[in-house]
Amino acid sequence: MGHPFLPLTDEERRQMHKTIGIERIEELFKVIPSSIQESAFFDLPAYNETETVKLFTQWAEMNTPASKMVSFLGAGAYEHAIPAAVKHLATQSEFLTAYTPYQPEMNQGILQAFFEYQSLIADLTGMDVANASMYDGPTALAEAVLLAGNFTRRREILVFPGLNPEAQQVLEAYTRYTNLRLKFLSPTAELTAPPASFLNEQTAAVVIQNPDFFGQLVLTKELLTAIKEKGALSIVYVNDPISLAILEPPGTLGADLVVGEAQAFGLPLSFGGPYLGFLAAQKTFLRSLPGRLVGKTTDLEGKEGFVLTLQTREQHIRRERATSNICSNQALCAIMATIYLSLLGPVGLQEVAWSTVRNSHYLFSQLTRIPSVKAYFDAPFFHEFALDLGTLPPDFFTKMKERGFFPGYDLSHYSPPLSGGLLLYTSELRTKDEMDKFCAEMEDCLS
Amino acid sequence: MKRKERPTLLKEASTPGRRGYLPPVSDVPPVPAGELIPQSFLRQTALALPELSEMEVTRHFNSLAQRSFGVDQGFYPLGSCTMKYNPKVLEELSQLPGFQGLHPLQEETTVQGALALLHYAEEVFSTITGMDEFTLQPAAGAHGELTGLLIIKAALLEQGETDRDTILIPDSAHGTNPASAALVGFKVQTVPTSPAGIIEPETLKPYLNSNVAGLMLTNPNTLGLFEEKILTITKMIHDIGGQVYCDGANLNAILGWARPGDMGFDLIHLNLHKTFATPHGGGGPGAGPVGVKKHLAKYLPIPRVVSTPEGWHWQYDLPHSIGKIKGYWGHFGVIIKALAYILQLGYAGLKQVSSDAVLAANYLQTLLKEVYHLPYDTPCMHEFVLSGLRDEQSKINTLDLAKGLIDFGVHPPTIYFPLIVPEAMMIEPTEAVTLELLNSFVTIMKELARLAKEEPEALKTAPRTTPVRRLNEAQAARHPILKW
């Protein structure tokens, strides 16, 4: 058959049969038991490119994307402005269609991009080292927790309140059959004040999200110091690393491991994936890290170059004793993040961070003027905040959608449910005009 | 490849004051920063990021691209990775605003097209593999293995089978198999490959006992050979109460010819970036959907997408589920591409994919075994493994040959894997080849054999045409420099 994905012609196939010494292709498959071959048929028609585009466009047009609405949905996935150059540069075929750079001489460009990515993540988080990416934030957290258990040989993992529920669920699934015990802490005053009496000698690590799921700033040097004094590791989870542009980096405050979700660095929302997990650590943990690491070295002429390194940690060499099973990672997403950060630079990234902060605080002040609306918490927040709207009208989300708004994340889906709760995120894309209109519609809808 | 100097690192190229992008700036009434966020939380340490114009960033990444090599640049017979051609339309489809602009937590009514697509993709994967149900959550092949093993563990614990703590894995398996088993707390028992390159029931028998939770098997295996005794093997494992897991990395050999579900496998992961042409992206993102037979469906990750007369929904209320193994619903953007690839081929096209992939591999094997040692001399499936040069006196090893290939503009095959073959070169041409390309590869490989005999130094010092020569990997590991 002639098909664009199948370059061989029938004539070429015939010549190849002759070289191999077969009459028919079936001869190469005769090792497969005939009973299996007989049941292998399935009914699946083929579409040409035009028909395929039409079909997928129909599916796409059945959706109402957040990107076309005035959206205040965040809760772990954050829409930001993405420079056009990110897509153009990242989807060049040399990056897009290469694989893991097992042959370093042939893929110095990709290796250098990973080295630059590692450097940028390490600098932003204030850490010594970062790996070349993880699948996403939640799996990066789970791997960091496993690392902490193996490193400390302790069994208890304390999780601060306010961890993204996606991350919490993934952490539960990853640790269910290990010897680690997860303990989810309830919000109390003693959590934020030393001497961290919630810790004991079995505590392997403490997981703290900052800003937390509700946007609140909870991370302090005192807290991390108190954890260290008890011999436990601190793992800081960052769900929007744009916050690192203006907040003191967790590494500088004393965190042992900083992990998180870097989708905000130039990756589209794309219904939840592919995203980009990052994992950064103090150098003590270097040989315990999961995933690929790129290092700088020299060639036989003394010229600088880059290679995958410390591979004896990895599954293809260490097998069941590897630090992780990860093989494919999020390479292209890491390249996108590297391009994003190069374009934004320190000034641009801080502008983005401050714009989200200014917008969220403006929106907060306007919405809390509505009589039935109350703030859930009173801690300082970054670009997201939780409101108690009281009893929501039954068709609240539909009504707001009809008026052009995704009003935020419905906290009645949160566990435990906060009924009437709404979590709102304001990106730098929101304007004062949009927010004023939103407030007017909210007041109308809630009255 | 031109031997130009390495592009300056972004940090070294930085010039204070340059801007690469102007983001939208908040237009709300100004408030002093300290009133928004308390000073104690704010950054005291300087923010070290490079400062570059868009033009400089563009030239930087273009020059990195020029020092990289993908499937679009040339032949990439990297065994076990299925480096097939990635059709251009796939990228465009995944970038449609109605897909790319979707927030994962939107109300179900606003994402019906996305849910319909995911549901259909699950059905198509089930059909192709002969499984009953699929999850699209796993991010990559190894992540699929982890998911499958969590499912096996959950099923065992529910049946009170706490003694079943061992997973059997052939010595030819991918390293991810034992690493994934260990992550779930299983012990790993290695089963030896027979002299014929496959698992023989007689060899397997001594490993079977009441502690066995299951067997992980790649079929065709990493030697490129179909496990001919598969029906006996899966029955043996089932008879002792175990599950059989299929590492689907090599599915490109059997599309339309055989279905793992019909072979008796209970679980399988797919590698969409291998079999279904989604770009490898320099090492990811991939996607590793997992399919199971009915008896394991209740353990699949939450949420499941379900179809009802009113539309598609997320179903969370599944008490037996292993929970979530990834944020949100998996690599949606990758799943779109894989489905679009499959639908452009249909059943006949998919079967032709495997026919051509197997034909191309056998063609190369036939011609290369004249000069290279072929340890398992039998028709192969979609890939085959050579064991160095036939000339046993040669000082040229597989690494030298691989580096020699680079100078001819070919990406080397997978080398030194599988571990059971000395000096292994694992060659997978895929179906995306022309006869001319295959012949030119054979010519190059024969030329390398000639060089090995007549000018071994030329290979010992290869590559010479690349931006850097052979790199000192020992130095990199001994004195790690992992950031600027």
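Normalised size of the range A:27-76, defined as Cα radius of gyration per 2.2 N^0.38 Å with N residues, equals 2.21. Protection proxy ranking of A:119-126, A:325-332, A:417-424, A:143-150, by the mean of other Cβ atoms within 10 Å over each peptide's residues and highest first, is A:325-332, A:119-126, A:143-150, A:417-424.
Only helices reaching 27 angstrom along their own axis (Cα) with mean Kyte-Doolittle hydropathy no lower than 0.0 count here, and for the DSSP H runs of chain A these are A:331-367. Shape verdict for chain B, please, from the Cα gyration tensor: rounded (a/c under 1.5), prolate (a/b greater than b/c) or oblate. Verdict is oblate for chain B. Taking all protein chains into account, the per residue accessible area for the range B:343-484 stands at 36 Å² (1.4 Å probe).
Compute the accessible area per residue over the range A:127-245, keeping the other protein chains in place, probe 1.4 Å, unit Å².
I get 31 Å² per residue for this part.
Given axes a ≥ b ≥ c from the Cα gyration tensor, I'd like to know whether the range B:73-150 is rounded (a/c under 1.5), prolate (a/b larger than b/c) or oblate. The shape class here is oblate. Taken residue by residue and averaged, Cβ atoms of other chains lying within 10 Å of the Cβ of B:313-320 number 0.
Taken about its Cα centre, the protein assembly as shown carries a charge dipole of about 1800 debye when Lys and Arg each add +1 at the Cβ and Asp and Glu each add -1 at the Cβ. For the residues of A:127-136, the average number of beta carbons from a partner chain within 10 Å of their own beta carbon is 4. With no solvent and one point on each alpha carbon, what is the Debye value of log10 I(q)/I(0) for the protein assembly as shown at q = 0.08, 0.09, 0.10 Å⁻¹? Those come out to -0.72, -0.92, -1.15, one per q.
Between A:LYS54, A:LYS68, A:LYS437, the Gaussian network model of chain A with springs among Cα atoms under 10 angstrom shows the greatest mean-square fluctuation at A:LYS54.
Using all pairs of distinct alpha-carbon atoms, the Kirkwood hydrodynamic radius of the range A:205-308 works out to 15.7 angstrom.
A Cα-only calculation for the range A:78-149 places Rg and Dmax at 14.7, 42 Å.
Expressed as a fraction of 2.2 N^0.38 Å, the value expected for a compact globular protein of N residues, the C-alpha radius of gyration of the range B:263-332 is 1.28.
To put it simply, the accessible area of the range B:221-285 at a 1.4 Å probe is 48 percent carbon and sulfur. Interface residues of the range B:206-243, defined as those with an accessible-area decrease of at least 10 Å² between the chain by itself and the complete set of protein chains (probe 1.4 Å), are B:PHE226, B:GLU228, B:LEU231. Based on the Cα atoms of chain A, what semi-axes does the equivalent ellipsoid have, where each is the square root of 5 times one gyration tensor eigenvalue, given in whole Å with the largest first? Three semi-axes, in Å: 42, 32, 23.
Across chain B, C-alpha contacts under 8 Å between residues 6 or more apart give a mean separation that, scaled by the residue count, equals a relative contact order of 19 percent. Rounded to two decimals, the Cα radius of gyration of the range B:293-439 over 2.2 N^0.38 Å is 1.51.
Other protein chain C-beta atoms within 10 Å of residue C-beta, averaged over B:155-165: 0.
Surface listing: B:GLU35, A:GLU166, B:GLU123, B:GLU133 arranged by accessible area from highest to lowest gives B:GLU35, B:GLU123, B:GLU133, A:GLU166, probe 1.4 Å.
When +1 charges are put on Lys and Arg Cβ atoms and -1 charges on Asp and Glu Cβ atoms, the dipole computed for chain A relative to its Cα centre reaches about 1060 debye.
The GluC sites (Glu not before Pro) of the range B:378-435 that meet both conditions, a loop assignment by DSSP and at most 13 other Cβ atoms within 10 Å of the site Cβ, are B:GLU392. Counting every pair of alpha carbons in the range A:33-178, the share spaced more than 25 Å apart comes to 61 percent. Every Cα-Cα pair of the range B:125-248 was included, and the share exceeding 16 Å stands at 61 percent.
So for the protein assembly as shown, taking the charge dipole from beta-carbon charges (+1 Lys/Arg, -1 Asp/Glu), which of B:HIS273, A:SER35, B:ILE302 sits furthest toward the positive end? With unit charges placed on the Cβ atoms, the residue in question is B:HIS273. By the Kirkwood approach, averaging reciprocal distances over each pair of separate Cα atoms, the range A:331-380 gets a hydrodynamic radius of 13.5 Å. Cross-link pairs exceeding 20 Å in C-alpha to C-alpha distance, out of A:LYS401/B:LYS326; B:LYS298/B:LYS326; B:LYS88/B:LYS274; A:LYS87/B:LYS337, comprise A:LYS401/B:LYS326.
Here the range B:390-484 is treated as a Stokes sphere of Kirkwood radius computed over C-alpha pairs; at 20 °C and 1.002 mPa s its diffusion coefficient rounds to 143 µm²/s. Both chains summed, the buried accessible area for B and A stands near 17100 Å², from protein heavy atoms and a 1.4 Å probe. Could you give me D for the range B:441-484, from Stokes-Einstein at 37 °C and 0.692 mPa s, where the hydrodynamic radius is the Kirkwood radius over C-alpha pairs? Units µm² s⁻¹, please. Answer, rounded: 256 µm²/s.
Summary of the geometry: the range B:1-59 and the range A:1-36, compared by the centres of their Cα atoms, lie 56 Å apart.
Rounded if a/c is under 1.5, else prolate if a/b is larger than b/c, else oblate: which is the range A:116-240, with a ≥ b ≥ c the root eigenvalues of its Cα gyration tensor? Verdict is rounded for the range A:116-240. For chain B, the 222 nm mean residue ellipticity estimated from helices alone, with every DSSP H stretch of n ≥ 4 adding -39500 (n - 2.57) and the total spread over all residues, rounds to -10500 deg cm²/dmol.
The values are calculated or read from the model by the stated rules, or taken from the named source; none is laboratory data. Note that the structure is predicted; figures quoted are calculated from it, not measured. As a convention, Cβ positions derive from the backbone with ideal geometry for all residues, glycine included, and neighbour counts pool all protein chains shown. In case anyone asks, the SASA skips ligands and DNA or RNA and just uses the protein heavy atoms, side chains included. Shrake-Rupley method; radii C 1.70, N 1.55, O 1.52, S 1.80 Å.
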